[in-house]
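Structure first, then comments.
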Amino acid sequence: MNEVTPSVEVRELTKLFGDFTAVDRISFAVRRGEIFGFLGPNGAGKTTTIKMLCGLLLPSSGWGRVAGHDIVLEPEQIRARIGYMSQRFSLYPDLTVEENLDFYGTIYGLEDRRMEERKEFILRMAGLIGRERVLTSALAGGWKQRLALGCAIIHQPDILFLDEPTAGVDPGSRREFWELICQLSEQGVTVFVTTHYMDEAEHCDRLAFIHQGRLVALGEPQELKSREMKGNLLELDCGDAVRALDLVAGIEGVSDAALFANTLHLVVDDFKETGPKIREAVGERGIAVHSLKPIPPSLEDIFVSLIG
Ligand SMILES: Nc1ncnc2c1ncn2[C@@H]1O[C@H](COP(=O)(O)OP(=O)(O)OP(=O)(O)O)[C@@H](O)[C@H]1O
Ligand SMILES: [Mg+2]
């Protein structure tokens, strides 16, 4: 693989389970060192795609290459070059931190000096120095997750697949985890990551949105925000957003309405025309309208807009 060979490339990649299409003819390429965010609602096909890319699941049709190797013909070569942190990551709770690293290192054939070097690097990177002999089950969520990342990169892979690595972890640990991901990417590691957190998606170089197995958008976060919003986005700050949601959703000219914290985000075709109708409908029911104004879309808005 040279500098220009994509780390990951898929063309019309498809997976059927019986007559159900879990992944539907997706095509994209990921550059070396890129942080590629793979986003989509539950059941969109993210894990299924990752499993095909890691050589764990055969595609039904289409093709893919990872680190320059064919996912169907050369899964062994791929496995040596990738790290994979699965959705329910698999540390051994009854092993210590160090024993987990030893275990994964051994699987990847590390020995002696190399093993010691890599363990040292990972303990330092994950902030686990001094905790080598702690039982993994006794580690708090953030440490556990950094150890799982460490085990996934013990053999210094070129490409890292992370399937919802931060699900259920506190915000501070999530931030620290993303700092590690950014460091790895700066060192040239390609990171293919799924997440449901839109603040994390902002850290990605590019994003792919997948919905019902189909790729519905692909681009840089900023590019997606300016391109994928269908209509104008308004923020409605009012006395009772939950009750207002039902009222505004039915108004002609409002194509989308969703609750965001204590406000509503509405998509309208024409602010001048629809704005007064919204104020009127909400005000009529005795709900105070504090403000109604156009706002720039966030990734969360794009997500809602894309998946409807
Ligand atoms: N082995 C299987 N047999 C049958 N259906 C499956 C199998 N694995 C996954 N599916 C179905 O394929 C679809 C995609 O699943 P997948 O796990 O890839 O989604 P996901 O995007 O990772 O979702 P989540 O965000 O919940 O992890 C789902 O409808 C799922 O039920
Ligand atoms: Mg999944």
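Against the numbered list (1) touching a His at 6+ places or on another chain (Cβ under 9 Å); (2) farther than 30 Å from GLY213 by Cα; (3) among the β-branched types (Val, Ile, Thr), VAL304 comes up short only at (2).
Give the residue, chosen from PHE103, PHE89, that is surrounded by 14 or more Cβ atoms within 10 Å (Cβ to Cβ) and either at pLDDT 95 or above or farther than 13 Å from PRO165 by Cβ (or both). Criteria check complete, one pass: PHE103. When the range 204-221 is filtered for residues that are open to solvent by 10 Å² or more (accessible area, probe 1.4 Å) and either at pLDDT below 95 or under 23 Å from GLU12 (Cα atoms) (or both), the ones remaining, listed by number, are ASP205, ARG206, HIS211, GLN212, ARG214, LEU215, VAL216, LEU218, GLU220.
Looking at the range 1-84, the strands (runs of 3 or more DSSP E) lying wholly inside it that each contain 2 or more residues that are open to solvent by 30 Å² or more (accessible area, probe 1.4 Å), of a type in the set (S, T, N, Q) and farther than 22 Å from LEU184 by Cβ sit at 20-30.
Name the pairs whose Cβ atoms lie under 7 Å apart, with the first residue in the range 151-169 and free of Cβ contacts under 8 Å to residues at least 60 places away in the same chain, the second part of a loop (DSSP other than H, G, I, E, B) and of a type in the set (S, T, N, Q), and 6 or more positions between them or separate chains? Between residues of the range 151-169 that are free of Cβ contacts under 8 Å to residues at least 60 places away in the same chain and residues that are part of a loop (DSSP other than H, G, I, E, B) and of a type in the set (S, T, N, Q), the close pairs are THR166/THR195. Selection over the range 285-294 of residues that are assigned to a loop (DSSP other than H, G, I, E, B) and open to solvent by less than 40 Å² (accessible area, probe 1.4 Å) gives a count of 1.
Select, from HIS265, HIS196, the only residue that is surrounded by 15 or more Cβ atoms within 10 Å (Cβ to Cβ), in contact with a strand residue (DSSP E or B) (Cβ under 6 Å, 6 or more places away or on another chain) and not in a helix (DSSP H, G or I).
Numbers: HIS196 fails: in contact with a strand residue (DSSP E or B) (Cβ under 6 Å, 6 or more places away or on another chain).
Exactly one residue qualifies, and that residue is HIS265.
Applying a threshold of 9 Å to beta carbon distances and a minimum spacing of six or more residues, or different chains, the list of pairs starting in the range 22-50 at a residue that is under 16 Å from TYR197 (Cβ atoms) and ending at one that is of a type in the set (Ser, Thr, Tyr) and outside any strand (DSSP E or B) reads ILE35/SER185; PHE36/SER7; GLY37/THR195; PHE38/THR49; PHE38/THR195; LEU39/THR195.
Can you spot a residue in the range 118-131 that is closer than 30 Å to VAL8 by Cβ and within 16 Å of ligand 1 (Cβ to nearest atom)? No, the conditions are met nowhere in the range 118-131.
Have a look at ARG175, ARG124 and point out the one that is open to solvent by 20 Å² or more (accessible area, probe 1.4 Å) and either in contact with a Ser or Thr (Cβ under 6 Å, 6 or more places away or on another chain) or closer than 21 Å to LEU95 by Cβ (or both).
Numbers: ARG175 fails: either in contact with a Ser or Thr (Cβ under 6 Å, 6 or more places away or on another chain) or closer than 21 Å to LEU95 by Cβ (or both).
Of the residues listed, the single one that is open to solvent by 20 Å² or more (accessible area, probe 1.4 Å) and either in contact with a Ser or Thr (Cβ under 6 Å, 6 or more places away or on another chain) or closer than 21 Å to LEU95 by Cβ (or both) is ARG124.
Got a number for residues in the range 153-163 being farther than 14 Å from VAL66 by Cβ, part of a loop (DSSP other than H, G, I, E, B) and either of a type in the set (Ser, Thr, Tyr) or open to solvent by less than 30 Å² (accessible area, probe 1.4 Å) (or both)?
Pass one, the range 153-163, residues farther than 14 Å from VAL66 by Cβ: 153-156, 162-163.
So of that shortlist, the ones also part of a loop (DSSP other than H, G, I, E, B) come out as 153-156.
Checking which are either of a type in the set (Ser, Thr, Tyr) or open to solvent by less than 30 Å² (accessible area, probe 1.4 Å) (or both) leaves us with 153-155.
Counting residues in the range 153-163 that are farther than 14 Å from VAL66 by Cβ, part of a loop (DSSP other than H, G, I, E, B) and either of a type in the set (Ser, Thr, Tyr) or open to solvent by less than 30 Å² (accessible area, probe 1.4 Å) (or both) gives 3.
Scanning the range 172-196 for residues that are at pLDDT below 95 and either touching a Phe, Trp or Tyr at 6+ places or on another chain (Cβ under 9 Å) or within 14 Å of ligand 2 (Cβ to nearest atom) (or both) yields SER173, ARG174, THR195, HIS196.
The values are calculated or read from the model by the stated rules, or taken from the named source; none is laboratory data. Keep in mind that this is a model prediction, so the values were computed, not measured. So basically every Cβ, Gly included, is an ideal-geometry build from the backbone, and we count neighbours across all protein chains shown. Each accessible area value is taken on the protein alone, full model and side chains, heavy atoms only, with ligands, DNA and RNA left out. Shrake-Rupley method; radii C 1.70, N 1.55, O 1.52, S 1.80 Å.
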